[in-house]
Amino acid sequence: MTKEIHLAKQKRRNQKIAFGLFQFTSYAVVGLLFVILAFIVIKGIGVISWEFISEMPKEGMTKGGIFPAIVGTLCLVFGSMIFAFPVGVLAAIYMNEYVKDGWMKKIIKQMTNNLAGVPSIVFGLFGMALFVNKLEFGDSLLAGSLTLGLLVLPVVIRTTEESLKSVDDTFRQASLGLGASKWQTTSKVVFPIAFPNIITGLILSIGRVSGETAPILFTVAAYFLPKLPTSIFDQAMALPYHLYVISTSGTNIEASREMAYGTALILIIIVLISNLLANALRKYFGKKVKMN
Amino acid sequence: MQKIESKGINFYYGETQALHNVSLSMKENSVTALIGPSGCGKSTYLRLLNRMNDLIDNTKMTGSILIDGQDIYEKNTNVDDLRKNVGMVFQKPNPFPKSIFENVAYGLKVNGITDKKTIEERVITSIEQVALWGEVKDKLKKSAFELSGGQQQRLCIARALAIQPSILLMDEPTSALDPISTSKIEELIYELKKQYTIVIVTHNMQQAGRVSDTTAFFYMGELIEYDKTKTIFTKPSQKQTEDYITGRFG
């Protein structure tokens, strides 16, 4: 009898320890995130002003604003998404809905995964070799966008594939069972159901693109360029590279320290806003899918 | 002539043989129940009739299936047309995430019917056929997900009927439903029999007894016995059939 009571106690204790550990780790992750955010906000909030986000950098980037870098980053996000999103989504649809199981599919899948694992600096080098030099785009928004697009392509493909996979097969069977073609089934039933989740792929890639430094290093980013790009063949400043420059190789690193934190804060805010926007879009389309 | 006539069917999932030399014919406007323990091949057989197994990679079939005298596995068979003629209802109600109206209209639209009036008429007729009209007529624009499970399943049947098939395949259509919804579907099957040839897979012996004219008992990929439902349930000729029906195994 006492043995049973002892056992029950032990079970409860073990459970408490396990749950406590889980709780601690999950709180720690959230806590860490807040610490980082708070650190950046506290250090950077001081320089944030209308001038900071709307003016050109001045006096060796120790004064003035970061307007051209903001515009540059927004252009790069937009440009890379225009390229990566349709290509990635179509590739994923092809892979998930059309290619039969077999060695071909395995190879494509493995390649996509490998592509996702390639260090971003390698993408930078490749982009320089292909877009900047071979295709003679020069250091330009076009070359940078394409390079960034290539970088996030595997992310888009993978999340799209996962979204398509999560669409219950009986929807496909029901549609095909009504005499619909494969394309009708994919475009009218499967894709609309998967779309809200596909948006998640967009969120992830926007966050990735706006923060990447290495791929734009040799393909688009300008050290200091106090004017806005006027065409896709222009160079541009970009937030992550600007952050790198004023933290490591600016004219006066100490004087621009606060600017650096301000830049980081703006970068985080841009990512945050795009995430919120994409989330809202996902909710909106999710509702719409159910209704129509 | 038989409506559906299958001869010497062998079917393989990769290396595994799921059906062994199955020959089975069904009369027009009859209900045939396919029974047997899980994994016996009854669902596989059902899905051969509208070539749904084509969707699974690495499968192989030998033998022939004739519908209205036409071999549906012939090279020049138009699979889309075949599936238009052979409707299917699934185990779990699976309406599309669209409105009630659009669910039924979908099959018409994908088959090239664009005239709004025709679509509307057919949608209404089909919903009436499954005795759902009274319950949904005021909310046709609402999501099909707002309906109960039983209503959803009847909507799925309406969706299949809208494109005017002559055969209806039902893969355990009531296994996810409560008894009241089940009896409604069974009544419906009885009604539909007048116009359609119905093949139904079921795990429910009483259901097979209630709704079908003929019953086929499958076991381990083989067709053990096929006869009038009454005969199967009262004096089956095979011992295995009797054991299964009386609940001694399966």
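Using only the alpha-carbon atoms of chain B, report the extent along each of the three principal axes, biggest first, to the nearest angstrom.
53, 43, 33
Over all directions, average the projected area of the Cα convex hull of the protein assembly as shown and note it in nm².
That works out to 37.0 nm².
For Cα pairs less than 8 Å apart in space and 6+ apart in sequence, what is the mean separation divided by the residue count of region A:152-292, i.e. the relative contact order in percent?
Values: 121 pairs, mean separation 38.1, N = 141.
It comes to 27 percent, rounded to a whole number.
Round to the nearest 10 and give me the degree value, 0 to 90, for the angle of helix B:149-162's Cα axis relative to the longest principal axis of chain B.
Tilt relative to chain B: about 90 degrees.
Given the options A:Ala18, A:Leu33, A:Thr2, identify the residue whose Cα lies farthest towards the positive end of the charge dipole of region A:1-45 (+1 on Cβ of Lys, Arg; -1 on Cβ of Asp, Glu).
Value computed over the given set: A:Thr2.
Identify, among A:Phe233, A:Ile216, A:Ile42, the residue whose Cα sits farthest towards the positive end of the charge dipole of chain A, taking +1 on the Cβ of Lys and Arg and -1 on the Cβ of Asp and Glu, with the dipole about the Cα centre.
Most positive-ward Cα: A:Ile42.
Return the long-range amide H neighbours of B:Phe218 (sequence gap of 5 or more, or a different chain), with a cut-off of under 5 Å between placed amide H atoms.
B:Ile35, B:Gly36, B:Ile224
Treat the count of other C-beta atoms within 10 Å as a stand-in for reagent exposure and order B:Arg122, A:Arg282, A:Arg12, B:Arg159 from fewest to most.
By the 10 Å Cβ count, ascending: A:Arg12, A:Arg282, B:Arg122, B:Arg159.
Within the P(r) computed for region B:1-80, what percentage of the Cα pairs occupies the region above 16 Å?
Cα-Cα pairs in region B:1-80 separated by more than 16 Å: 51 percent.
For chain A, with a Gaussian network of springs between Cα atoms less than 10 Å apart, report the residue from A:Leu33, A:Leu142, A:Leu217 with the top mean-square fluctuation.
Maximum fluctuation in the GNM of chain A, among the listed residues, is at A:Leu33.
Which helices of chain A meet both criteria: a Cα extent of 18 Å or more along the helical axis and a mean Kyte-Doolittle score no lower than 0.0, with helices taken as whole DSSP H segments?
The qualifying helices are A:2-44, A:67-93, A:141-165, A:191-211, A:257-291.
Calculate, in nm to one decimal, what A:Phe285 and A:Ser247 gain on full extension: separation in residues at 0.36 nm each, minus their alpha carbon distance.
Fully extending the segment from A:Phe285 to A:Ser247 adds 9.5 nm.
When the label point is put 7 Å from the Cα of A:Leu272 along its Cα-to-beta-carbon vector, which residues of region A:32-57 have a backbone N closer than 19 Å?
Only A:32-54 pass the distance filter.
Please work out the FRET efficiency for the pair B:Thr234 and B:Glu74, using the Cβ-Cβ distance as r and a Förster radius of 51 Å; give the result to the nearest 0.05. Show your work: numbers first, answer last.
Numbers: r = 40 Å, r/R0 = 0.77.
Working from the Cβ atoms, E equals 0.80.
Summarise the partner chain shielding of A:167-173 as one whole number: the mean count of Cβ atoms from other chains within 10 Å of each residue's Cβ. Please report the intermediate quantities before stating the final value.
Values: counts 1, 2, 2, 7, 5, 2, 9.
Partner Cβ neighbours, averaged per residue: 4.
Give me the extension gain from A:Thr200 to A:Ser166: residue separation times 0.36 nm, minus the current Cα-Cα distance, reported in nm with one decimal.
10.9 nm
First obtain the Kirkwood hydrodynamic radius of region A:27-164 from its Cα pairs, then insert it into the Stokes-Einstein equation at 37 °C and 0.692 mPa s, and state the resulting D in µm² per second as a whole number.
D = 181 µm²/s.
B:Tyr13 versus A:Lys100, label points 7 Å from Cα toward the beta carbon: distance in nm?
Distance between the two pseudo-spin positions: 1.8 nm.
When chain A is treated as a GNM, springs tying every alpha-carbon pair under 10 Å, which of A:Ala129, A:Ala260, A:Ala38 comes out with the largest mean-square fluctuation?
Highest fluctuation among the options: A:Ala38.
Expressed as a rounded percentage, what relative contact order does chain A have, with Cα pairs under 8 Å and six or more residues apart? Walk me through the numbers on the way to the answer.
Values: 379 pairs, mean separation 77.6, N = 292.
Here the relative contact order equals 27 percent.
Which aspartates and glutamates have a Cα lying under 20 Å from the Cα of B:Lys116, excluding residues fewer than 8 positions away in the same chain?
Reachable aspartates and glutamates: B:Glu102, B:Glu128, B:Asp138.
Antiparallel DSSP bridges in chain B: what percent, to the nearest 5?
The antiparallel proportion sits near 60 percent.
As an exercise, take the mean of 1/r over every pair of distinct alpha carbons in region A:50-291, invert it, and state the Kirkwood radius in angstroms.
19.4
Simple spin-label model, 7 Å along Cα-to-Cβ: A:Glu4 to A:Ile82 in nm?
7.4
Taking the 0 to 90 degree range and rounding to the nearest ten, how far is the long axis of helix B:116-129 tilted relative to the main principal axis of chain B, both from C-alpha atoms?
Helix B:116-129 sits at roughly 50 degrees to that axis.
Compute the long axis of helix B:179-192 from its Cα atoms, compare it with the longest principal axis of the Cα atoms of chain B, and write down the angle in degrees, 0 to 90, nearest 10.
Value to nearest ten degrees: 90.
For chain B, with a Gaussian network of springs between Cα atoms less than 10 Å apart, report the residue from B:Pro93, B:Pro236, B:Pro173 with the top mean-square fluctuation.
B:Pro236
Quick one, what does Rg over Rh come out to for region A:222-292 if you take C-alpha atoms and the Kirkwood Rh?
Using only Cα positions, Rg/Rh for region A:222-292 is 1.22.
Can you give the convex hull volume per residue for the Cα atoms of region A:1-45, as a whole number of Å³?
It is 38 Å³ per residue.
All of the numbers you see were taken from the coordinates with simple rules; none came from a lab. Keep in mind it's a predicted model, so treat the numbers as computed, not measured. Please note: Cβ atoms are built from the backbone with ideal geometry, for glycine as well, and neighbour counts cover all protein chains shown.
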